[in-house]
Amino acid sequence: MHYLNDELWILVPYYEKDYNSAIKRLVVEVWERKERHFTRKEEIPLFKEDGETPFAGAKRRPNSYLNHGGCLHKNKNYILWMSGKTRHVFQREDGKRVVKNCQN
């Protein structure tokens with residue numbers, strides 16, 4: 001989750017069937033705050049480098065990828081998702097991943 005300038009950015013999992021099934025894709029939802037209410041204003045589906053394969057997180061944790069924490073940040077061009085030792089950078093415009101690297 002990332003909050004700045006009355007915008008709330010949330011990384012949301014879409015599951016195959018229910019919360020115990022595998023994640024089929026991850027989407028960034030952008031919510032805008034006006035006074036005490038939030039309204040969803042944008043959805044950015046995330047994709048791997050080919051731009052067609054949905055990004056669903058780590059294969060070794062198919063239904064609990066987001067349970068292990070992480071950090072979401074953005075600027076006007078990119079969305080950054082850091083999970084464990086891996087940094088993923090996605091284009092904000094189309095959700096396509098442009099960088100994936102692991103840190104030791």
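For the range 83-104, filtered to residues that are within 12 Å of the chain's Cα centre (by Cα) and assigned to a loop (DSSP other than H, G, I, E, B), the residue that is surrounded by the most Cβ atoms within 10 Å (Cβ to Cβ) is GLY95. Of the residues making up the range 51-83, those that are touching a residue at least 24 places away in the same chain (Cβ under 8 Å) and over 17 Å from VAL30 (Cα atoms) are GLY51, PRO54, PHE55, ALA56, GLY57, ALA58, PRO62, ASN63, TYR65, LEU66, GLY70, SER83. Scanning the range 32-53 for residues that are surrounded by 11 or more Cβ atoms within 10 Å (Cβ to Cβ) and either of a type in the set (A, V, I, L, M) or closer than 22 Å to VAL89 by Cβ (or both) yields GLU42, GLU43, ILE44, PRO45, LEU46, PHE47, LYS48, GLU49, GLY51, THR53.
Residues are listed down the side, and each one gets a yes or a no for (1) of a type outside the set (Asp, Glu); (2) at pLDDT 90 or above; (3) closer than 17 Å to LYS100 by Cβ:
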position: ASN20; (1), (2), (3): yes, no, no
position: ARG36; (1), (2), (3): yes, yes, no
position: THR39; (1), (2), (3): yes, yes, no
position: PHE47; (1), (2), (3): yes, yes, yes
position: ARG60; (1), (2), (3): yes, no, yes
position: ASN63; (1), (2), (3): yes, no, no
position: GLY70; (1), (2), (3): yes, no, yes
position: MET82; (1), (2), (3): yes, yes, yes
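Number of residues in the range 24-41 that are within 11 Å of ALA56 (Cα to Cα) and touching an Asp or Glu at 6+ places or on another chain (Cβ under 8 Å) equals 2.
Of the residues making up the range 5-18, those that are exposed (fewer than 12 other Cβ atoms within 10 Å of the Cβ) and either over 24 Å from HIS68 (Cβ atoms) or modelled with pLDDT of 95 or more (or both) are ASN5, ASP6. Scanning the range 11-32 for residues that are closer than 22 Å to THR53 by Cβ and hydrophobic (A, V, I, L, M, F, W, C) gives LEU11, VAL12, ALA22, ILE23, LEU26, VAL27, VAL28.
Look at (1) among the hydrophobic types (A, V, I, L, M, F, W, C); (2) at pLDDT 90 or above; (3) loosely packed, with under 14 Cβ neighbours inside 10 Å and you find that MET1 fails only one, number (2). Kindly establish whether GLU35 is touching a strand residue (DSSP E or B) at 6+ places or on another chain (Cβ under 6 Å) and of a type in the set (Asp, Glu). No: the conditions fail for GLU35. Based on this model, can you work out whether ARG25 counts as of a type in the set (D, E, K, R) and within 11 Å of the chain's Cα centre (by Cα)? Spelling it out, ARG25 is indeed of a type in the set (D, E, K, R) and within 11 Å of the chain's Cα centre (by Cα).
The values are calculated or read from the model by the stated rules, or taken from the named source; none is laboratory data. It should be emphasised that the depicted structure is a prediction, and the values quoted were computed from it without experimental measurement. Because the Cβ atoms are built from the backbone with ideal geometry, glycine has one as well, and the counts that use them run over all protein chains shown.
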